[in-house]
Amino acid sequence: MPEPYSPKYRDFPLSNLIDSLRLVRVRCRYCKRLHNYQPADLIQIFGDVDVDSLADRMACEAGGRDHGRLDVEAFVPTGREAVGLRIRRLVAIKINHVPVWKEDPA
Ligand SMILES: [Zn+2]
């Protein structure tokens, strides 16, 4: 089926999805992992960014950046799909403390 012609006039922020009860589906083309996310959870991490930009901001949980760019799409779960649909919820945001070292000047 050909894609309908839909020029991108502007960014499409995550907050737009909340009002229209849409979810975000993220798929790794490499290992086929697929997760569904609540836009509100993603906003907590990335801010109210453009939905398409998540393809570059997110990385595959299995292979990281090695698995390349992710497929990201907003969708409305249809009646049948909504039953038993698993949604990956944000539990916590861990902050990584990375030590940075430098020699004292002699
Ligand atoms: Zn992957």
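The values are calculated or read from the model by the stated rules, or taken from the named source; none is laboratory data. Predicted model only: the values in this text are computed from it and were never measured. Here the Cβ positions follow ideal geometry from the backbone for every residue, glycine too, while neighbour counts run over all protein chains shown. In case anyone asks, the SASA skips ligands and DNA or RNA and just uses the protein heavy atoms, side chains included. Shrake-Rupley method; radii C 1.70, N 1.55, O 1.52, S 1.80 Å.
Structural remarks
- Subset of the stretch 19-41 [away from the ligand (no atom under 11 Å from the Cβ), outside any loop (DSSP other than H, G, I, E, B) and either open to solvent by 80 Å² or more (accessible area, probe 1.4 Å) or at pLDDT below 95 (or both)]: D19
Residue-by-condition table, conditions (1) open to solvent by 40 Å² or more (accessible area, probe 1.4 Å); (2) in a strand (DSSP E or B); (3) at negative phi; (4) within 16 Å of the ligand (Cβ to nearest atom):
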position	(1), (2), (3), (4)
I43	yes, no, yes, no
D52	yes, no, yes, no
D56	yes, no, yes, yes
A62	yes, no, yes, yes
E73	yes, yes, yes, no
V91	yes, no, yes, no
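- Across the stretch 1-18, the qualifying residues are those that are part of a loop (DSSP other than H, G, I, E, B) and under 16 Å from the mean Cα position of the chain (by Cα), and the one among them that is modelled with the highest pLDDT is F12.
- Odd one out for G84, checked against (1) surrounded by 11 or more Cβ atoms within 10 Å (Cβ to Cβ); (2) modelled with pLDDT under 95; (3) part of a loop (DSSP other than H, G, I, E, B): (1)
- Qualifying residue in the stretch 96-105 (condition: surrounded by 10 or more Cβ atoms within 10 Å (Cβ to Cβ) and either assigned to a loop (DSSP other than H, G, I, E, B) or under 10 Å from the mean Cα position of the chain (by Cα) (or both)): no
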